[in-house]
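K.L.:
Please read through the structure below; I'll follow up with questions.
Just so it is clear, none of the values below were taken in a lab; they were calculated from the coordinates. Here the structure is a predicted model, which is why all the values come from computation and not from measurement. Cβ coordinates were reconstructed from backbone atoms using ideal geometry, including for glycine residues, and neighbour counts include every protein chain displayed.
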Amino acid sequence: MKKELKLMKGNEALAEAVILAGCDAYFGYPITPQSEVLEYLSLEATKRTGMVVLQAESEVASINMVYGAAGTGKRVMTSSSSPGISLMQEGISYIACAQLPCLIVNVQRGGPGLGTIQPGQADYFQTVKGGGHGDYKLLTLAPSTVQEMVDFVDTAFQLAFKYRTPVMILADGALGQMMEKVQLPDQKERTKEIPAWATVGKTKDRERNIITSLSLDPHVMENVNLQLQEKYRTIEKNEVRYEMTDCEDADYILVAFGLVARICQKAAHLAREKGIKVGVFRPITLYPFPYEALNKLADNVKGFLDVEMNAGQMVEDVKLAVLGKKPVEFHGRMGGVIPSPEEILHKLEEKLVGELV
Amino acid sequence: MTEEIIIAGFGGQGVLSMGQILCYSAVMEDKEVSWMPSYGPEMRGGTANCIVIISDEKISSPILTKFDTVIVLNQPSLDKFENAVKPGGLLIYESSAIINPPTRTDIEILPIDAANEAVKLKNTKIMNMIVLGAFLKKKPIISFESAMKGLKKVLPERYHNLIPLNQEALEKGMELAEKPVAV
């Protein structure tokens with residue numbers, strides 16, 4: 001039987017997916033535009049699955065609760081929006097170094113500073129280039145629909161446990177607040193399986209497990225780093241995800257992630273009505289970034305326009321991917337302003353089509 | 001079929017729920033939908049709006065600047081969105097609070113005196129449903145039955161005793177859309 005389709009807000013759909021994924025614990029602190037995640041979980045989660053839902057006293061406390069709970073091998077998570085995620089960076093670095101799985105959700109708003117509660121994408125650098133200290137990477141999924149806000153939750157937990165690494169879902173305020181049709185997955189049991197590395201009390205038949213990010217001996221610490229780097233190379237080889245729309249015959253490619261990619265799809269549609277062949281390339285994993293696919297695409301097109309809700313962040317990775325083969329232009333809006341399809345088409349014509357004819 | 005709509009008015013007039021009812025109703029008919037609200041400080045006492053897209057196909061951008069139908073419930077929203085109607089499109093406005101009516105000649109304009117009709121129905125809160133009824137008469141993109149089902153989904157259960165009144169309001173709006181009152 002086909003499951004009922006529901007109309008849900010992005011934040012609520014994500015929270016529902018967290019319960020259905022069999023998550024064990026959520027620690028968080030409210031902030032617009034993602035407070036519905038904590039609200040929804042507080043109302044629904046504990047009575048349905050026995051999941052722990054705790055409002056911490058701050059974001060710093062939330063991420064450290066996640067660190068502690070993740071050490072027991074449970075499926076744990078937190079969520080916040082840009083300023084709150086900034087406060088969590090130290091904890092994220094510790095969790096990455098201690099090689100623990102967890103899910104962190106950032107429903108971005110416009111920055112810097114307290115900024116605005118309207119949507120933004122200006123946390124790209126913070127997310128994929130290491131917002132905290134040290135050589136670590138954050139596996140990052142960028143949803144563009146409410147359905148993906150649902151689907152990526154379970155994917156994120158699976159990746160987190162597969163690689164023992166923190167995984168981020170990088171959304172934005174508009175995705176969190178908008179409503180779309182969603183198909184929900186079945187309820188997963190909360191697993192009783194305890195991973196071998198978890199710190200749950202030593203038994204006589206094994207060595208004790210230690211979870212730490214501290215090694216004062218530089219050679220030991222270098223080995224920790226080498227292990228991490230080896231893991232990141234594996235992730236880069238296996239986990240790259242992206243979506244291409246109408247790229248086969250395209251002369252120009254719009255590159256965007258998250259919600260903006262959908263606005264670009266509309267812009268591409270408008271362009272095709274005018275006879276300009278435009279496709280859309282959407283990285284789904286921001287780390288690992290789809291360098292190879294973009295580089296290959298550069299052989300068959302005339303140029304790229306990267307569109308983001310920031311001053312130009314992912315465009316640096318697009319340029320690294322294209323390696324100068326073709327021009328890469330940028331258009332961005334900041335401070336909570338969302339670009340319109342017409343505006344993107346206009347910029348494409350102004351920056352690429354007009355120049356290259 | 002793709003219908004791109006913006007509904008705008010003061011916070012509290014029910015513009016967001018109008019959009020939600022439309023979306024739920026369309027989901028009942030297995031259509032694709034997108035509901036994008038304005039959120040934030042402007043919702044407290046200021047203007048609120050939502051962009052609603054209903055389509056038989058997958059929806060790309062939930063953010064738009066031009067619309068097939070613009071529904072406005074106050075003067076600031078009319079001033080802001082009159083020019084956002086696509087040529088040949090439809091502009092519905094609640095006429096009781098409008099001092100400067102729209103002037104465009106390349107679109108269909110439908111004033112609905114919903115506030116006064118709501119008073120006649122003895123509940124001013126259902127003004128939005130009268131306007132929604134008028135829209136559904138002009139653009140029957142979803143059936144009346146689906147609209148009633150959508151309403152039941154959006155209205156909290158404790159208010160379900162008001163469903164007959166809402167139905168009456170929808171029907172009133174449909175009636176008004178057939179013979180619009182001169183402004």
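K.L.:
Taking square-rooted eigenvalues a ≥ b ≥ c of the alpha carbon gyration tensor, is region A:243-356 rounded, prolate or oblate, where a/c under 1.5 means rounded and, failing that, a/b exceeding b/c means prolate?
P.N.:
It is rounded, given that a/c, with a ≥ b ≥ c, falls under 1.5.
K.L.:
Let me ask you something else. Rank the residues A:THR245, B:THR124, A:THR78 as a footprinting-exposure proxy: fewest other Cβ atoms within 10 Å of their Cβ go first.
P.N.:
Sorted ascending by nearby Cβ count, the order is B:THR124, A:THR245, A:THR78.
K.L.:
Next question, about the same structure. Net charge around A:LYS277, counting only other residues with Cβ within less than 11 Å of its Cβ (Lys, Arg = +1; Asp, Glu = -1)?
P.N.:
-1
K.L.:
Something else: Taking the DSSP beta bridges in region B:2-178 as the whole, what percent of them are antiparallel, to the nearest 5?
P.N.:
50
K.L.:
Next question, about the same structure. Using the alpha carbons of region A:47-172, what is the convex hull volume per residue in cubic angstrom, as a whole number?
P.N.:
110
K.L.:
To the nearest Å, what is the center-to-center distance of region A:94-147 and region B:5-75, using C-alpha atoms only?
P.N.:
29
K.L.:
A further question follows. Length gain on complete extension for the stretch B:THR2 to B:GLU175, per 0.36 nm per residue less the alpha carbon to alpha carbon distance?
P.N.:
59.8 nm
K.L.:
Choose one answer from B:ILE99, B:ILE130, B:ILE21: the residue with the largest mean-square fluctuation in a GNM of chain B with alpha-carbon springs under 10 Å.
P.N.:
It is B:ILE99.
K.L.:
Could you work out the relative contact order of region A:1-123, using alpha carbon pairs under 8 angstrom and six or more residues apart, expressed as a whole percent?
P.N.:
Relative CO of region A:1-123 lands at 24 percent.
K.L.:
Classify chain A as rounded, prolate or oblate from the Cα gyration tensor: take a ≥ b ≥ c as the square roots of its eigenvalues, call it rounded if a/c is under 1.5, otherwise prolate when a/b beats b/c and oblate if not.
P.N.:
It comes out prolate by the Cα gyration axes.
K.L.:
Name the shape class, rounded, prolate or oblate, that the alpha-carbon gyration tensor gives for region B:2-178, where a ≥ b ≥ c are the square roots of its eigenvalues, rounded holds for a/c under 1.5, and otherwise prolate holds if a/b is larger than b/c and oblate otherwise.
P.N.:
Cα axes put region B:2-178 in the rounded bin.
K.L.:
Sticking with this one: Given points 7 Å out from each Cα along the Cα-Cβ axis, report the A:ASP205 to A:VAL60 separation in nanometres with one decimal.
P.N.:
4.4
K.L.:
Sticking with this one: When chain A is treated as a GNM, springs tying every alpha-carbon pair under 10 Å, which of A:LYS347, A:LYS47, A:LYS302 comes out with the largest mean-square fluctuation?
P.N.:
A:LYS47
K.L.:
Moving to a separate point now. For B:LYS80, list the lysines whose Cα falls under 16 Å from its own Cα; do not include residues on the same chain fewer than 8 positions away.
P.N.:
Result set, ordered by chain and number: B:LYS66.
K.L.:
Here is a follow-up. If you place +1 on the Cβ of every Lys and Arg, -1 on the Cβ of every Asp and Glu, and leave all else neutral, what size is the dipole of the protein assembly as shown about its Cα centre, to the nearest 20 Debye?
P.N.:
In total the dipole reaches around 940 debye.
K.L.:
Relative contact order for region A:243-356 using alpha-carbon pairs under 8 Å, separation at least 6, rounded to a whole percent?
P.N.:
Contact order relative to length: 28 percent.
K.L.:
For the pair A:LEU114 and A:GLU342, how long in nm is the line joining their label points, each one 7 Å along Cα→Cβ?
P.N.:
3.5
K.L.:
OK, next. Calculate the length of the line joining the C-alpha centroid of region A:1-38 to that of region A:275-343, in whole Å.
P.N.:
Computed from Cα coordinates, the inter-centre distance equals 30 Å.
K.L.:
Kindly put A:SER82, B:SER77, B:SER38, A:SER215 in sequence by how many other C-beta atoms sit within 10 Å of each C-beta, fewest to most.
P.N.:
Ordered by Cβ neighbours within 10 Å, fewest first: A:SER215, B:SER38, B:SER77, A:SER82.
K.L.:
Would you calculate the separation in nanometres between label points at A:TRP197 and B:LEU165, each defined as 7 Å from the Cα along the Cα-to-beta-carbon direction?
P.N.:
The modelled label-to-label distance comes out at 6.0 nm.
K.L.:
Springs between alpha-carbon pairs under 10 angstrom, Gaussian network model over chain A: which of A:ARG241, A:ARG333, A:ARG206 fluctuates most?
P.N.:
Judging by the Gaussian network model, the answer is A:ARG206.
K.L.:
May I pose another question? Going by C-beta contacts inside 10 Å, put A:TYR163, A:TYR124, A:TYR136 in order with the fewest on the left.
P.N.:
Result, fewest neighbours first: A:TYR163, A:TYR136, A:TYR124.
K.L.:
Same structure again: May I ask for the net charge around A:ILE194, where only other residues with Cβ less than 15 Å from the Cβ of A:ILE194 are counted and Lys, Arg are +1 while Asp, Glu are -1?
P.N.:
+4
K.L.:
Averaged over B:16-27, how many beta carbons belonging to a partner chain fall within 10 Å of each residue's beta carbon?
P.N.:
Per residue, the number of nearby Cβ atoms from other chains is 2 on average.
K.L.:
Count charges around B:LEU121 for me, please; just the other residues with Cβ under 15 Å from its Cβ, Lys/Arg as +1, Asp/Glu as -1.
P.N.:
Value of the local net charge: -2.
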